[in-house]
1. Checking the conditions here, which among 227, 284, 272, 300 is out of contact with any strand residue (DSSP E or B) (no Cβ under 8 Å at 6 or more places or on another chain) and β-branched (Val, Ile, Thr)?
2. Please go through (1) surrounded by fewer than 17 Cβ atoms within 10 Å (Cβ to Cβ); (2) closer than 30 Å to residue 63 by Cα; (3) of a type outside the set (S, T, N, Q); (4) at pLDDT 90 or above for residue 255 and return the number of the only condition it doesn't satisfy.
3. Residues 250, 256, 218, 262: which one is aliphatic (A, V, I, L, M), touching a residue at least 12 places away in the same chain (Cβ under 8 Å) and part of a strand (DSSP E or B)?
4. What about residue 209, is it surrounded by fewer than 14 Cβ atoms within 10 Å (Cβ to Cβ) and either among the polar types (S, T, N, Q) or at pLDDT below 95 (or both)?
5. Taking the stretch 53-78, which residues are open to solvent by 20 Å² or more (accessible area, probe 1.4 Å) and among the acidic types (Asp, Glu)?
6. With 220, 230, 269, 199 as the choices, which residue is more than 21 Å from residue 119 (Cα to Cα) and either crowded, with 21+ Cβ neighbours inside 10 Å or aromatic (Phe, Trp, Tyr) (or both)?
7. Can you work out which of the residues in the stretch 171-190 that are farther than 20 Å from residue 69 by Cβ and without any contact (Cβ under 8 Å) to a residue 24 or more places away in the chain is most open to solvent (accessible area, probe 1.4 Å)?
8. Restrict the check to the stretch 59-80 and report whether at least one residue is closer than 27 Å to residue 302 by Cα and outside any helix (DSSP H, G or I).
Amino acid sequence: MRSTSTGRRRRFRRRFRRNSLGVVSVVGTLLALLVFFALFGVFLTQYVPLWMSENEQSLTSQMEVSLAELKNGIDGQVASGGPAVVSTPFPLSSQSIPLISQPTVATITFVPPSPGSGTYSNVSMRPAPGATGAGTIFYENVSMGTLQIAVPSRYYSPQTFSLENDAVVEEQGTSQQVIEFPPTLSVNQTGSGYGVTESIVELTGIATQATGVGTQEAFSHFVFSQTFTSTSATDTLNAQFTEGTFYPCAWSAFVASTFAQAPSGFTSSHYTTTAPSSCASTLTTSYPFKVAFTDLASFTLIYAEVRLVIGVGTE
């Protein structure tokens, strides 16, 4: 005969076995959740930064291409006197990661010329174009407009771009500055004499700022272009240009590189440069960078004005 206590123990064991199955299900669910959150954490900490870094790098590259196209269009207008209007698209946002990360949004700002502040360019030459006496001086003083683009990348290096006096300047941080697409500045040799060609491209228009997802159009309207050339039969022509810029060290490096590639006889005896000691940029204060030339055979100044319009219906 089976005892009552034995039967109870068997019923108790069966009941314990059913509870064990429930515990296993809970533990399995928790382990699955832990695996999911571990993989999701790896995705957030490893793949999202890498993915967004590529998106922001692509936006920065597209911005460089757009600035190169805008500058190329302006140079073509200045060289040939047209076309009257050239349009250049600027992407203002990167790609995003759906439900995970929002796109990075750039800001494009046009700051019009303002006498006494901002960027400027001053050029002088002695003797003046067409003059026979060495005492006559030619001056051209111009306040410049500036196109500024800020790309506040979160995963890639933040970049700031500026188009000032036909030069595209890239800045990373407050001291790393470089002219990516330079303006016209060249040295040529004829016989034993040296000639310098320099350009001023004045950007005018109304103050404009645009940001947001999508693409913004920039329109360059050609206004005029003039060329002034002074010569000296005795190679005693003197000239000077002063660039009021937010990026003096970028201009200093560009001029040094340009003169290093000049004809071998064109040495520091033909020019001197003066630059500020600081390279820090605030985009609010311009600094003078000066170049003075001596004993030239000729000096040519190309002066042009282009009206810049950002967006449709803002002119």
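The values are calculated or read from the model by the stated rules, or taken from the named source; none is laboratory data. Not measured: the values here are computed from a predicted model. Reconstructed Cβ throughout: ideal geometry from the backbone, glycine too, with neighbour counts over all protein chains shown. Accessible surface areas use protein heavy atoms only, side chains included; no ligands, DNA or RNA. Shrake-Rupley method; radii C 1.70, N 1.55, O 1.52, S 1.80 Å.
1. Working: 227 fails: out of contact with any strand residue (DSSP E or B) (no Cβ under 8 Å at 6 or more places or on another chain); 272 fails: out of contact with any strand residue (DSSP E or B) (no Cβ under 8 Å at 6 or more places or on another chain); 300 fails: out of contact with any strand residue (DSSP E or B) (no Cβ under 8 Å at 6 or more places or on another chain).
Checking each option against the conditions leaves just 284.
2. (1)
3. Numbers: 250 fails: part of a strand (DSSP E or B); 256 fails: part of a strand (DSSP E or B); 262 fails: part of a strand (DSSP E or B).
Selected residue: 218, the only one of 250, 256, 218, 262 that is aliphatic (A, V, I, L, M), touching a residue at least 12 places away in the same chain (Cβ under 8 Å) and part of a strand (DSSP E or B).
4. Against the criterion (surrounded by fewer than 14 Cβ atoms within 10 Å (Cβ to Cβ) and either among the polar types (S, T, N, Q) or at pLDDT below 95 (or both)), residue 209 qualifies.
5. Of everything in the stretch 53-78, those that are open to solvent by 20 Å² or more (accessible area, probe 1.4 Å) and among the acidic types (Asp, Glu) turn out to be 54, 64, 69, 75.
6. Values: 220 fails: more than 21 Å from residue 119 (Cα to Cα); 269 fails: either crowded, with 21+ Cβ neighbours inside 10 Å or aromatic (Phe, Trp, Tyr) (or both); 199 fails: more than 21 Å from residue 119 (Cα to Cα).
Exactly one of 220, 230, 269, 199 is more than 21 Å from residue 119 (Cα to Cα) and either crowded, with 21+ Cβ neighbours inside 10 Å or aromatic (Phe, Trp, Tyr) (or both), namely 230.
7. 176
8. no
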